[in-house]
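I'd like to ask you about the structure that follows.
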Amino acid sequence: MKKSVIIAGGGIGGTAVGALLAHKGFQVTLFDKNDLIGGRCTSYEKEGFKIDVGVHLFGEGAKGPLQKILEIIGMPDALQWELSRDPRPLLNYKGQKSVYSRKSMAQLLPPSEYDNVMKFFADCMSIRKKRINELYYTPLETYLNQYSTNSTFHSFIAMICGQYFCVPPSLASTGEFIRSFRGVVSKRASAYPIGGCIAIPEAYCAAIEKFGGTVKLNSEVKQILVDNDAVIGIELVDGTTHKADIIISNADIQNTILNLVGKNHFPADYVSRIKELTYAQHCMAIKVALDKKVTDQKLIMHIHIDYSNMDAYIEKILKGQIPDEIGGMITIPSNYDPGLAPEGKQLIFLGTGISSDWRNQDWKKWGEKCLESLQKVLPEMEGHVLWYNVDTPALVEKYAGEDGNIIGVGQTINQVKERRPSQVTPLKNLYIVGCEAGGWGIGTELAANSALELADILTKK
Ligand SMILES: Cc1cc2nc3c(=O)[nH]c(=O)nc-3n(C[C@H](O)[C@H](O)[C@H](O)COP(=O)(O)OP(=O)(O)OC[C@H]3O[C@@H](n4cnc5c(N)ncnc54)[C@H](O)[C@@H]3O)c2cc1C
């Protein structure tokens, strides 16, 4: 008889590993504390609009690990992906719009630094796999210095690094950056799913149920139960207990080890390591509902200042100040899937990085500044805004925990590859999945890779 598995948490990692294991015949029960499935990758509804908690672009789309999971379990059509390069994304640089291309990138940089960026990109695409592995523990900033020490060059790459991993290049892993960059550029499949972000965890949950498992929402795990140096089940906040052969946590690794299980059940050096983990940065976004469609674009990069001033701009934000104009990633989810807005209406997001000291921010002012900035990029919006939501890290915290950070455990040089916490814990039958342990790649794809690796470990046992 196949083993029973309880999964605590239904983010991408939890639902994905649930689908993979249920397909292999494990008896899967997944509990999530929220009323919506998906953690950071969920979507809520308001007045007929379906709004993602985050601001997502899926780097490898239909050619990446999120889709690979559906192919492994024989449900390749459970998701439909819409490419983000049709129409081609725009660059809005200091008020001028152009198609995002090498040519438009050239206007962002002095000619010598443009050449350095192109050389770095070319090397990323051709560098041997062995060398990528060797570069895993080299900070990206150190590696970039061999191309140029110019701050404009560094700011340019820092923007991409920030979008991928939400950690600064001084801490980011060069190997992880090159591997992820290569995946995105070579596959040319960056996309967004029909049905919004929540369609992905919903597809995995449909698989869990199809293969005989159960998914329970509004079910917070209060405690992971231990007996004789092995985990044996969980207790929910409603007081019910549930037993299983294997427990997988998709909740925050620190919360899992220190609170849900309790540090006394682990070796002291493991507990110290878990306590020392650092997390990705934070962001905020406005989600604007319009009474009509004002643009056909799906994606616009809004860079409102010269790259030579980027450091000062970021420093201001990190100090908790609100800039006069706000740059960032603009996505238009209802142009990927018109079903995300009521007929004839449009949904537009602007997301931007903020200080980790986010609890003391003036969100009303952030919202107003974001809306002003967005209207500069898309003046056609004027007079058509029905309402807008200011989604802050508090919303991410509600859906995923972890102080509302964007990704999970940061992909810094001391937290990638062999230095990343493993999905396998020192406590018998307890495993971790998602952006907290194992895996590689960008955001949701990091979580999906973590799930693929864990399913492999458990099915080979
Ligand atoms: C604003 C924003 C923008 C982003 N942009 C992108 C992007 O463009 N591309 C990309 O790929 N990724 C992006 N991400 C990151 C991506 O969404 C996350 O990295 C990924 O979804 C995390 O998956 P996870 O498996 O770690 O689960 P999490 O999202 O961490 O979910 C954890 C789950 O566990 C549940 N849980 C926690 N504690 C308990 C408990 N005690 N009992 C029961 N359940 C519990 C939670 O309810 C939640 O469902 C973005 C995230 C944000 C917030």
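The values are calculated or read from the model by the stated rules, or taken from the named source; none is laboratory data. Remember, it's a predicted structure, so these values are computed and weren't measured experimentally. Using ideal geometry, Cβ is built from the backbone for each residue, glycine included, and neighbour counts are taken over all protein chains shown. With ligands, DNA and RNA removed, areas are computed over all heavy atoms of the protein, side chains included. Shrake-Rupley method; radii C 1.70, N 1.55, O 1.52, S 1.80 Å.
Please state which one of ALA207, ALA251 is open to solvent by less than 50 Å² (accessible area, probe 1.4 Å), touching a strand residue (DSSP E or B) at 6+ places or on another chain (Cβ under 8 Å) and either modelled with pLDDT of 95 or more or in a strand (DSSP E or B) (or both). Even if it seems obvious, please write down each step before you answer.
Working: ALA207 fails: touching a strand residue (DSSP E or B) at 6+ places or on another chain (Cβ under 8 Å).
Result of the check over ALA207, ALA251: ALA251.
Got a sec? Which of LEU236, LEU290 is within 14 Å of the ligand (Cβ to nearest atom) and either open to solvent by less than 10 Å² (accessible area, probe 1.4 Å) or at pLDDT 95 or above (or both)? Walk me through it before giving the result.
Numbers: LEU290 fails: within 14 Å of the ligand (Cβ to nearest atom).
On inspection, the qualifying residue turns out to be LEU236.
In region 382-407, how many are within 14 Å of the chain's Cα centre (by Cα) and of a type in the set (Ser, Thr, Tyr)?
Number satisfying all stated conditions: 1.
Restricting the search to region 430-440, which residues are touching a strand residue (DSSP E or B) at 6+ places or on another chain (Cβ under 6 Å) and within 9 Å of the ligand (Cβ to nearest atom)? Talk me through it step by step, then tell me what you get.
Here is the first cut: in region 430-440, the residues touching a strand residue (DSSP E or B) at 6+ places or on another chain (Cβ under 6 Å) are 430-433, 436.
Residues satisfying the conditions are VAL433, GLU436.
How do the pairs read when you match residues in region 110-138 that are without any contact (Cβ under 8 Å) to a residue 24 or more places away in the chain with residues anywhere that are in a helix (DSSP H, G or I) and among the aliphatic types (A, V, I, L, M), using Cβ under 6 Å and keeping only pairs 6 or more apart or on different chains?
TYR114/ALA106
Follow-up. Give the residue that is nearest to ASN405 (Cα to Cα), with candidates limited to residues of region 258-276 that are more than 13 Å from the ligand (Cβ to nearest atom) and touching a residue at least 60 places away in the same chain (Cβ under 8 Å).
In this case the residue turns out to be ILE274.
Now a separate question. Exactly one condition in (1) at negative phi; (2) out of contact with any Cys (no Cβ under 7 Å at 6 or more places or on another chain); (3) open to solvent by less than 50 Å² (accessible area, probe 1.4 Å) is not met by GLY438; state its number.
Looking at each condition in turn, GLY438 falls short on (1).
Another question, if that's okay. Looking only at region 441-461, filter to residues that are polar (S, T, N, Q) and near the ligand (Cβ under 9 Å from one of its atoms); which one of those is most open to solvent (accessible area, probe 1.4 Å)?
Kept after step one, since they are polar (S, T, N, Q), are these residues of region 441-461: 444, 449-450, 459.
In the following step, the residues that additionally are near the ligand (Cβ under 9 Å from one of its atoms) were identified as 444, 450.
Working: THR444: 19, SER450: 0 Å².
Out of the qualifying residues, it is THR444.
While we're looking at this one, here's another question. GLY262 passes all but one of (1) more than 24 Å from the chain's Cα centre (by Cα); (2) in a loop (DSSP other than H, G, I, E, B); which number fails?
(2)
Take the residues in region 184-202 that are open to solvent by 10 Å² or more (accessible area, probe 1.4 Å) and of a type outside the set (Val, Ile, Thr), then tell me which one is nearest to ALA19 (Cα to Cα).
The extreme case among them is GLU202.
Checking the condition open to solvent by less than 50 Å² (accessible area, probe 1.4 Å) and assigned to a strand (DSSP E or B), which residue from LEU386, LEU395, LEU347, LEU371 passes?
Values: LEU386 fails: open to solvent by less than 50 Å² (accessible area, probe 1.4 Å); LEU395 fails: assigned to a strand (DSSP E or B); LEU371 fails: assigned to a strand (DSSP E or B).
Going through LEU386, LEU395, LEU347, LEU371 in turn, the sole match is LEU347.
Would you confirm whether any residue within region 224-247 is of a type in the set (S, T, N, Q) and on the phi > 0 side of the Ramachandran plot? Walk me through how you get there before you give the answer.
Filtering region 224-247 for residues of a type in the set (S, T, N, Q) gives 228, 240-241.
Subset that is on the phi > 0 side of the Ramachandran plot: 228.
The answer is yes; a qualifying residue exists.
Inside region 69-89, can you point out the residues that are of a type outside the set (Lys, Arg) and either more than 22 Å from the chain's Cα centre (by Cα) or open to solvent by 50 Å² or more (accessible area, probe 1.4 Å) (or both)?
Just the residues of region 69-89 that are of a type outside the set (Lys, Arg), to begin with: 69-84, 86-87, 89.
Once the filter is applied, which keeps residues that are of a type outside the set (Lys, Arg) and either more than 22 Å from the chain's Cα centre (by Cα) or open to solvent by 50 Å² or more (accessible area, probe 1.4 Å) (or both), region 69-89 yields GLU71, ILE72, ILE73, GLY74, MET75, PRO76, ASP77, GLN80, GLU82, LEU83, ASP86, PRO87.
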